[in-house]
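No lab work stands behind these numbers, since they all come straight from the coordinates. Please read these numbers as outputs of a predicted model, since none were measured by experiment. Cβ sites come from the backbone with ideal geometry, for glycine too, and all protein chains shown count toward neighbours.
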Amino acid sequence: MIKDIDTLKDNINFISKDAIRGLDRGISVACKLSGVILDDIKDGPTQLYYYHYRRMNHLLDNIALLLCACIEKRGYRALPVAASQTIDKERHHGLFSHKLAAHRAGLGWIGKSCLLVTPQVGPRVRWVTVLTDAPLETGQPMSERCGSCTECVDGCPAHAFTGRRFREDEPREARFDVHKCYAYQRREREHLDSILCGVCLYVCPHGRKE
């Protein structure tokens, strides 16, 4: 749970200001991705991961809807923010930064891959957020634990990461070239119908624990 969410709400461009007024807290919800499916990415992107990713987004959206119903039943307002919704196809920006919300809630840190890395399963999770005015307990941001590790940077087949550590006051472009990432995925689609990469998820040592 996070408070002081106003700076994150500035990025919600397709929801009216009236709808989100007063919703000053956010609930971050995570679902763990399949370790078996992610471990299969060791030789490159797979169609199985693409399917799993899409189904996980549906699951998270359904969880968010149920959570909103529970909150509203108790007399508070709640708004689910879609798990994966692109609003700027040119810059590949989503509707809302679930990862930054989860970081502020103290559920993990943002690594050099721009993924939210959790202490439990590394970056092997998908996120959704519910905005609410319910007076729930809030968390505190977690400090980064990547240290000198650069496995996500070195392992990226698109060479899309700069290796720069996360700073909230810097744009994503300082750490990640999204156009390189999507160009690589488009090339992979030439021999696979639909594809997401996922290599950065697979190689992170925090998720690939022995």
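Quick notes on this one:
- The chain: angle of helix 178-188 to the longest principal axis, Cα-based, in degrees nearest 10: 60 degrees
- In loop segments of region 125-210 as defined by DSSP, the trypsin sites (Lys or Arg not before Pro) with at most 10 further C-beta atoms inside 10 Å of their C-beta are 167, 209.
- Taking a Cβ cut-off of under 15 Å around residue 66, the surrounding Lys, Arg, Asp and Glu residues balance to a net charge of 0, with basic ones at +1 and acidic ones at -1.
- Taking 73, 99 and counting other C-beta atoms within 10 Å, the order from fewest to most: 73, 99
- Diffusion of the chain by Stokes-Einstein, at 37 °C in a medium of 0.692 mPa s and with Rh set to the Kirkwood radius over alpha-carbon pairs, works out to 184 µm²/s.
- Every pair of different Cα atoms in region 117-174 enters the Kirkwood calculation, which places the hydrodynamic radius at 14.6 Å.
- Our coupling estimate for region 24-41, obtained by passing each phi through the Karplus curve with A = 6.51, B = -1.76, C = 1.60 and θ = phi - 60°, is 9, 10, x, 9, 8, 10, 10, 10, 6, 6, 5, x, 4, 5, 5, 5, 6, 7 Hz, Gly and Pro reported as x.
- Neighbourhood charge, 9 Å Cβ-Cβ cut-off, centred on residue 134 and excluding it, Lys, Arg +1 and Asp, Glu -1: +2
- Relative exposure of 68, 197, 204, judged by other C-beta atoms within 10 Å (fewest first): 68, 197, 204
- Gaussian network model of the chain, springs between alpha carbon atoms under 10 Å - residue of 100, 196, 48 with greatest fluctuation: 48
- Over the chain, dividing the summed -39,500 (n - 2.57) contributions of all DSSP H runs of at least 4 residues by the number of residues returns a 222 nm mean residue ellipticity of -9000 deg cm²/dmol.
- Since only 171, 65, 98 are under comparison, the one whose Cα sits farthest along the positive direction of the charge dipole of region 6-203, derived from C-beta charges on Lys, Arg, Asp and Glu, is 65.
- Cα long-axis angle, helix 47-73 against the chain (0 to 90 degrees, to the nearest 10): 10 degrees
- Nearest-20 debye value, region 6-203 charge dipole, Cβ charges on Lys, Arg, Asp, Glu: 180 debye
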